[in-house]
Amino acid sequence: MSHLVLLQRVFVALRISRARLGDVVMLLVFVVTLMGLFGVQLFMGTLHQKCYFFYNNSYVIDPRDNVSMCSLNPDSGHECQHGATCEAHDDVYFSPFINFDNLGNAMFVVLKMVTMDNWPSDLRSIQDANGVTFFLFAITIVLFGAFFAVNLILAILSGAYDLVIASKPKLSPAEIARKKAERNDVQDMSMTA
């Protein structure tokens, strides 16, 4: 079977499932926006915290602490070691895009977790600053977004592709033999040329 025929079937399946995929994409956009709003409300400003020493009338980042974030709450998150204190400064970021300071960046973090793009390392760093609260937030996003919504999209595409395959007219054995003979004739002509 020609690769173009297979590709044509895939495009027909995409065209058939366009309306249902639109509904799922709208659901995903709603969930990403909602979880982004929750993230802004819960974690705004928490990714500006690092371990500092007060030295010569200025703050110096602790070079021995290889954890990128710390928590101001002593009951959760990473605590500074070696006598350093956890301080929040607006000019210090974990990453310029991985934060919950505005809705756009929060939606980016949520979308990154839904697609599961390097989310364990981001989870660990953000969890150092926020503790168990962020772990529960992230697991909710991963369970709904990555497992439920992505599998829903795949199920819609699979069902549409099955419809395309089932609607393909069946050829009789005589038509199959005639098409095979035509194909062999074309191949023979191309070899003699």
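At R0 = 22 Å, how high is the FRET efficiency between F135 and M26 if r is their beta carbon distance? Nearest 0.05 is fine. Can you show the working numbers first?
On the way: r = 28 Å, r/R0 = 1.29.
FRET efficiency, F135 to M26: 0.20.
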task: Specify the inter-centroid distance of region 10-47 and region 119-171, based on alpha-carbon positions, in whole Å.
output: 11 Å
query: Can you give the accessible area of S71 in Å² (nearest 10), computed on protein heavy atoms with a 1.4 Å probe?
result: 10 Å²
message: Just to verify a number: FRET efficiency for F11 and F108, C-beta to C-beta distance, R0 = 45 Å, to 0.05?
response: 0.90
field: Per residue accessible area of region 114-173, 1.4 Å probe, in Å²
entry: 57 Å²
- prompt: HN-Hα J couplings of region 38-53 from phi, Karplus 6.51/-1.76/1.60, θ = phi - 60°, integer Hz, Gly and Pro as x?
  reply: 4, x, 5, 5, 8, 10, 4, x, 7, 9, 10, 9, 9, 7, 10, 10
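The values are calculated or read from the model by the stated rules, or taken from the named source; none is laboratory data. Owing to the predicted nature of the structure, the values given are computational and were not obtained by experimental measurement. So basically every Cβ, Gly included, is an ideal-geometry build from the backbone, and we count neighbours across all protein chains shown. Only protein heavy atoms, including side chains, enter the accessible area calculation; ligands, DNA and RNA are left aside. Shrake-Rupley method; radii C 1.70, N 1.55, O 1.52, S 1.80 Å.
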